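Visitor: Pasting in a structure now, in structure tokens, and then I'll have a few things to ask.
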6 protein chains.
Amino acid sequence: MRPSGRAADQLRSIRLTRGFTRHAEGSVLVEFGDTRVLCTASVEERVPPWLRNSNRGWVTAEYGMLPRATGSRTDREAARGRQQGRTVEIQRLIGRALRAVVDLEALGERRVVIDCDVLQADGGTRTASITGGYVALADAVGTLMKAGKVRRNPLHGQVAAISVGIHQGTPVLDLDYAEDSEAETDMNVVMNDAGHFIEVQGTAEGHAFRRAELDGMLDLASDGIDRLITEQRAALES
Amino acid sequence: MRPSGRAADQLRSIRLTRGFTRHAEGSVLVEFGDTRVLCTASVEERVPPWLRNSNRGWVTAEYGMLPRATGSRTDREAARGRQQGRTVEIQRLIGRALRAVVDLEALGERRVVIDCDVLQADGGTRTASITGGYVALADAVGTLMKAGKVRRNPLHGQVAAISVGIHQGTPVLDLDYAEDSEAETDMNVVMNDAGHFIEVQGTAEGHAFRRAELDGMLDLASDGIDRLITEQRAALES
Amino acid sequence: MRPSGRAADQLRSIRLTRGFTRHAEGSVLVEFGDTRVLCTASVEERVPPWLRNSNRGWVTAEYGMLPRATGSRTDREAARGRQQGRTVEIQRLIGRALRAVVDLEALGERRVVIDCDVLQADGGTRTASITGGYVALADAVGTLMKAGKVRRNPLHGQVAAISVGIHQGTPVLDLDYAEDSEAETDMNVVMNDAGHFIEVQGTAEGHAFRRAELDGMLDLASDGIDRLITEQRAALES
Amino acid sequence: MRPSGRAADQLRSIRLTRGFTRHAEGSVLVEFGDTRVLCTASVEERVPPWLRNSNRGWVTAEYGMLPRATGSRTDREAARGRQQGRTVEIQRLIGRALRAVVDLEALGERRVVIDCDVLQADGGTRTASITGGYVALADAVGTLMKAGKVRRNPLHGQVAAISVGIHQGTPVLDLDYAEDSEAETDMNVVMNDAGHFIEVQGTAEGHAFRRAELDGMLDLASDGIDRLITEQRAALES
Amino acid sequence: MRPSGRAADQLRSIRLTRGFTRHAEGSVLVEFGDTRVLCTASVEERVPPWLRNSNRGWVTAEYGMLPRATGSRTDREAARGRQQGRTVEIQRLIGRALRAVVDLEALGERRVVIDCDVLQADGGTRTASITGGYVALADAVGTLMKAGKVRRNPLHGQVAAISVGIHQGTPVLDLDYAEDSEAETDMNVVMNDAGHFIEVQGTAEGHAFRRAELDGMLDLASDGIDRLITEQRAALES
Amino acid sequence: MRPSGRAADQLRSIRLTRGFTRHAEGSVLVEFGDTRVLCTASVEERVPPWLRNSNRGWVTAEYGMLPRATGSRTDREAARGRQQGRTVEIQRLIGRALRAVVDLEALGERRVVIDCDVLQADGGTRTASITGGYVALADAVGTLMKAGKVRRNPLHGQVAAISVGIHQGTPVLDLDYAEDSEAETDMNVVMNDAGHFIEVQGTAEGHAFRRAELDGMLDLASDGIDRLITEQRAALES
């Protein structure tokens, strides 16, 4: 029995609220149980220096946690004057994951920034960020298309992400904070709507994991992401 | 007629939602119209070095804006590696304002940090932060009292804040972003529940203001803060 | 009786020494009693990026304290790698105050930087900086006019500043360090030569202040600034 | 045919030179073909603050590239004043990988720092760092054991790492820089001498990868790491 | 004929004004012609961590230039967030030079910080800093002795410094800014009152210098420092 | 008898290995006994902003030490976020020394960066860096000449450097770390192949040094550099 009482292959309750704030071209509050992340997509009509005059655009992500999103207060990174290694890793992952479904030429010479700010953390903030960030990105792209700024849809697929782990020897899906703390292995999986892998990051926490355990986690992740893809589609169609 | 269509002495719709997130000892979403700030109060059982072994506590504030809280995206301060001058000024103001109603000896040797993070900005974020921050602080203090950690109530008053300005020669209350951009003078006023001043900060934007204009603004502010004090009390009693 | 033995409405001895150093377009040593600030005005034939090709100029200020300007040594900000919040607040205030009397179009696309460096501190360094900074600015503008670089005088007024406070229940003018430490309220007032307000910043230190106290402080300030305006004029005419 | 002309399952020539410099407790030059990384292990008789009085030690890693280790010169991170995101990610990975085979209690309250400095880069610097870093760590642990500072061997296993990828649809082992630039998928695998996984990090570069491709890469990696484990053992026994 | 019209072995007019500001234990304005540096000596009853419980004290120096001490404005180092290489070099030199005449054990476990802030620059600011810094240090030490905090005089000698150079093939003493810009070689020499060398730093600017030129510069420097030592003594006795 | 057992005028064993790494235009491992520094010269087809459109090039140097190049581990400067004062001083010295033999107009509008990274330190790393850096620079210049990118040889001389000191009253040449720690005076001398001085930096460590001691050190240095110039020539001709 896992700490949350959920079945091994059971997701937490998922919610995707579009238009959560009003300024951004895309603004989505994504909730995986008690984990709540505000994902905004901002369109900027300029690109990083290395892409100037390339006719290609860019999609990047930034990640942050409000200081008291967590059980005990975390120092504000702006006050400390630098982002932690963990933050940098996560935002690089989110950016790579989202770029994997974007045709940067079709996007045109502009930049979309996906800001993922964790209002409340209960495990799985990076995978929630990717899953919600995709919906915010889709809304921003919709704005560009409606305005006639892009000719063809720069999104050639959907992307979502989920965490899996080994809890007391059994693979489990979508770990909350309490489960993550006890897990022997923690893996984040990013996949597209064709069921193929975009990123796989697994780390042994307690002891090294066997190939069979890896296979079990990948099976669970694949199944969970399939359901997240459906949730995203439902949110975007509503 | 002011841009928002409100009467000169009319506040925007005010909302104070307690328990907006679940980890913090106090967590309040404060809304002044479209301005939305999440204020959390975190209790830490330690004090800054200069207060160690003083039997006194400390209350401090930090302020941040999500990058896309604003009409166009602002750089993330954590990514730039430093807080802007405006941020530093605002968080110092919030801290001073809240400390004005706290008996730091009664608080005991602990620190309360008020984090004010702007989810959506439409003018008046610093005064909203003070007004909502007080409620979060009161909740945190309530937790300490319930737990028997403080003997007497460290709060000896209430504090709230509002902006006032001169719009086309007339003093107006509670400026939104559009009004603030057009105002000739911008003033932030912080008062306690006895109707006395804790902080007054007025800046001429267009031309210098006369004593009569200053008096008019102070009258409006005093009246507005009175209503905010009532709103705070209602929220805390609900 | 106030600590300095001065009457409630008595300024300290004021001195404005022009040409204190020889490189700057304006260089003024301002003394308010034992407070001594070197204000230099430097003309640069370039503007910040956001003003390029705007036909408008810019006036900005920077503030610093020599490490041993104070009773005990303060860390050098250059060595610590960042300016303190207090420094940032003060230099923003000085810049706003001086810009309030400058026609930035008449100045032309150039920048004047007012550097205010405190050689010796005894309270009121920010108001001394504004008062002396104006004289340095006027000298720099004079240089531009003599050189035929500006067609009409970009200065459309004079600006000066003074601190006021409540000491043992009585409003007093121009607090020195000892008085400032004991004051219940501390207020900085910036006005122009028409007797109108450019900035008002009042902070309760001990207990909140009443409207009547505020009024008393504003009266004193208004009177004191009137005398400072006269001192500036005398210095500029000598 | 892969760019290097190697068979799909062929490692580059591997060299592990112990005692490359003389000050460190462990100092190993690891070469994977033209990739050359100097790994030093430094024993320090102190631990990070959070481990004080815990009777547990710590193993951590830092990673750097000499500015001209690469084809065109990279800015020196010390001169820029911050480590890049990529650097932070890599050094966190190396540290986690090495800690996975260390009994931190047996190590005692001391810290071992593994510095991995790339003298020449040709792909696979992070996996070479882990592979060589293990040998440096083993030498440092050997020093501690000889000196009687640890009672039982804190190393409970061996760890090595290799990169795998998909090149023109085929899984290939140990990519050099030219191959890495062309690869559709890039995966780094860290395993122990029992053949179990410590870390798996796979990223789609061109298009998303299928489960069968993932399986193929894992098979190659497992086989390659087996050979690296043998190389490490040979180096340590020589 | 040198640009300043001075004879090759002629110093500029030297002035040492003690008690220039009132807070510091030593405060000296040193003038070498138009070069003006404010040197303050601050006594602190603590030492850097590596000297704790060593019964030894420390003397260190910090150097800064007011932004408009120079012909065109220099960026403020505090605003840029780092000290320039030149600044760091100079303050290290001043610190070493002064420590050369201090018995750190006799000083006791305390620190003296010599702050050298250039109010106006016209060449030779580092040598003026050493020469004036010594007098400030002597005043601070005098304070300690009068207060009975040190038993025996920690100063076992005097130290002064001067610049020399080669101008149109001829060695010249005490270069001002205009001369320094034209000089083929620039050398700073620090000596004690016994006429021995504490530091010699010579740099070829135009072409490499010959041994005979070096000898000529050292002769001039030795003679000039002898006169500075006399000036210091006179100032301290006045 | 000096600690190393060498004669007073005896250099350590010198080795200059060209082509130590393969990417840089010049790559030299320089060894002075146990001191080993990797010097690379990188040609970049751009110049610093202040030289744009000047038809002049630039030569600059950066210096670093691997964390465990030394007896006990030194913090990595990239991790600390700033270069130490010592590092800045050394790299400025190396840059000045190398520029002294370069005709920057003949070099053309490009930049050569000399990176000197200490793999193993045993005293004299800055003088080894200059001596080896020259050979790397010569190789980079050779590449430019072969490619027809420069018309005439920008190198108009050779430059090398050595340390000298006073050990137990006697001048000695080329101090290793143990000798440097005991030396009463430490001097670094940079000369060209004509036997003239480019830089002389002498510092009294124990007591001030006499003119005769200075003369003795300069004689030794001159003789030692003569031999280093020969070693450089031999390396470049091999």
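The values are calculated or read from the model by the stated rules, or taken from the named source; none is laboratory data. Keep in mind the model is a prediction, meaning the values are calculated, not measured. Heads up, the Cβs are rebuilt from the backbone with ideal geometry, glycines too, and the neighbour counts pull from every protein chain shown.
Visitor: Can you name the residue in region F:181-225 that is among the acidic types (Asp, Glu) and either modelled with pLDDT under 95 or not in a helix (DSSP H, G or I) (or both) and, of all such residues, is nearest to residue F:135 (Cα to Cα)?
Guide: F:193
Visitor: Evaluate region F:15-24: report whether one residue or more is under 14 Å from the mean Cα position of the chain (by Cα), facing chain D (nearest Cβ under 9 Å) and more than 30 Å from residue F:182 (Cα to Cα).
Guide: No, region F:15-24 contains no residue that is under 14 Å from the mean Cα position of the chain (by Cα), facing chain D (nearest Cβ under 9 Å) and more than 30 Å from residue F:182 (Cα to Cα).
Visitor: I need the full set of residues from region E:105-125 which are under 19 Å from the mean Cα position of the chain (by Cα) and farther than 25 Å from residue C:70 by Cβ, in order please.
Guide: Scanning region E:105-125 gives E:122, E:123, E:124.
Visitor: Then there's this: What number of residues in region C:129-175 are within 19 Å of residue C:216 (Cα to Cα) and not aliphatic (A, V, I, L, M)?
Guide: Count: 8.
Visitor: Identify the single condition in (1) within 13 Å of chain B (Cβ to nearest Cβ); (2) crowded, with 24+ Cβ neighbours inside 10 Å that residue A:110 does not satisfy, given that it satisfies every other one.
Guide: Among (1) within 13 Å of chain B (Cβ to nearest Cβ); (2) crowded, with 24+ Cβ neighbours inside 10 Å, the lone unmet condition for residue A:110 is (2).
Visitor: Now, a different point. Given the conditions (1) closer than 23 Å to residue A:3 by Cα; (2) crowded, with 16+ Cβ neighbours inside 10 Å, report the number of the one that residue A:169 does not fulfil.
Guide: Only one criterion is unmet by residue A:169, namely (2).
Visitor: Return the only residue of F:25, F:89, F:77, F:31 being free of Cβ contacts under 8 Å to residues at least 40 places away in the same chain and in contact with a strand residue (DSSP E or B) (Cβ under 8 Å, 6 or more places away or on another chain).
Guide: Testing whether each residue is free of Cβ contacts under 8 Å to residues at least 40 places away in the same chain and in contact with a strand residue (DSSP E or B) (Cβ under 8 Å, 6 or more places away or on another chain) leaves just F:77.
Visitor: Separate question: Can you tell me which residue among B:117, B:180, B:139 is touching a residue at least 12 places away in the same chain (Cβ under 8 Å), buried (at least 23 other Cβ atoms within 10 Å of the Cβ) and more than 14 Å from chain C (Cβ to nearest Cβ)?
Guide: When all the criteria are applied, what remains is B:117.
Visitor: For region A:1-120, please list each of the helices (runs of 4 or more DSSP H) lying entirely inside it that holds at least 3 residues being aliphatic (A, V, I, L, M).
Guide: Per the criteria, A:85-99, A:104-107.
Visitor: In region C:187-206, what count of residues is obtained for those that are touching a helix residue (DSSP H, G or I) at 6+ places or on another chain (Cβ under 6 Å) and within 17 Å of residue C:169 (Cβ to Cβ)?
Guide: Residues flagged as touching a helix residue (DSSP H, G or I) at 6+ places or on another chain (Cβ under 6 Å) and within 17 Å of residue C:169 (Cβ to Cβ) within region C:187-206 amount to 1.
Visitor: Among the residues of region F:210-228, how many are under 16 Å from the mean Cα position of the chain (by Cα), within 13 Å of chain E (Cβ to nearest Cβ) and surrounded by fewer than 22 Cβ atoms within 10 Å (Cβ to Cβ)?
Guide: As a first pass, look at region F:210-228 and keep what is under 16 Å from the mean Cα position of the chain (by Cα): F:221-222, F:224-228.
Subset that is within 13 Å of chain E (Cβ to nearest Cβ): F:221-222, F:225.
Of the ones still in play, those that are also surrounded by fewer than 22 Cβ atoms within 10 Å (Cβ to Cβ) are F:222.
Here the count works out to 1.
Visitor: For residue F:170, only one of the following conditions fails: (1) out of contact with any Lys or Arg (no Cβ under 9 Å at 6 or more places or on another chain); (2) more than 14 Å from chain D (Cβ to nearest Cβ); (3) hydroxyl-bearing (Ser, Thr, Tyr). What is its number?
Guide: (1)
Visitor: Which condition does residue A:233 not pass, out of (1) more than 14 Å from every other protein chain (Cβ to nearest Cβ); (2) in contact with a strand residue (DSSP E or B) (Cβ under 9 Å, 6 or more places away or on another chain), if it passes all the others?
Guide: For residue A:233, the failing item is (2).
Visitor: Looking at A:207, A:156, A:196 in this structure, which one is within 14 Å of chain D (Cβ to nearest Cβ), without any contact (Cβ under 8 Å) to a residue 24 or more places away in the chain and over 28 Å from residue D:193 (Cβ atoms)? Quick ask: steps written out before the conclusion?
Guide: Details: A:207 fails: over 28 Å from residue D:193 (Cβ atoms); A:156 fails: without any contact (Cβ under 8 Å) to a residue 24 or more places away in the chain.
Only one candidate qualifies: A:196.
Visitor: State all residues of region E:164-174 that are out of contact with any Phe, Trp or Tyr (no Cβ under 9 Å at 6 or more places or on another chain) and either outside any loop (DSSP other than H, G, I, E, B) or within 24 Å of residue F:187 (Cα to Cα) (or both); if no residue qualifies, say none. First the steps, then the outcome.
Guide: Keep residues of region E:164-174 that are out of contact with any Phe, Trp or Tyr (no Cβ under 9 Å at 6 or more places or on another chain), which gives E:164-165, E:167-173.
Correct list: E:164, E:165, E:167, E:170, E:171, E:172, E:173.
Visitor: OK, next. Out of all the residues in region F:57-104, which are surrounded by fewer than 20 Cβ atoms within 10 Å (Cβ to Cβ) and over 20 Å from the mean Cα position of the chain (by Cα)?
Guide: Those that are surrounded by fewer than 20 Cβ atoms within 10 Å (Cβ to Cβ) and over 20 Å from the mean Cα position of the chain (by Cα): F:71, F:72, F:74, F:75, F:79, F:80, F:81, F:82.
Visitor: Still on this structure: Do we have any residue at all in region B:41-49 that's touching a residue at least 60 places away in the same chain (Cβ under 8 Å), under 17 Å from the mean Cα position of the chain (by Cα), away from chain A (no Cβ under 11 Å) and closer than 30 Å to residue B:154 by Cβ? It would help to see each step written out before you state the result.
Guide: First, the residues of region B:41-49 that are touching a residue at least 60 places away in the same chain (Cβ under 8 Å): B:41-48.
Of the ones still in play, those that are also under 17 Å from the mean Cα position of the chain (by Cα) are B:41-42.
Still in the list and also away from chain A (no Cβ under 11 Å): none.
No.
Visitor: From the list C:52, C:80, which residue is within 11 Å of chain E (Cβ to nearest Cβ), modelled with pLDDT under 95 and over 30 Å from residue C:166 (Cα atoms)? Steps first, please.
Guide: On the way: C:52 fails: within 11 Å of chain E (Cβ to nearest Cβ).
Going through C:52, C:80 in turn, the sole match is C:80.
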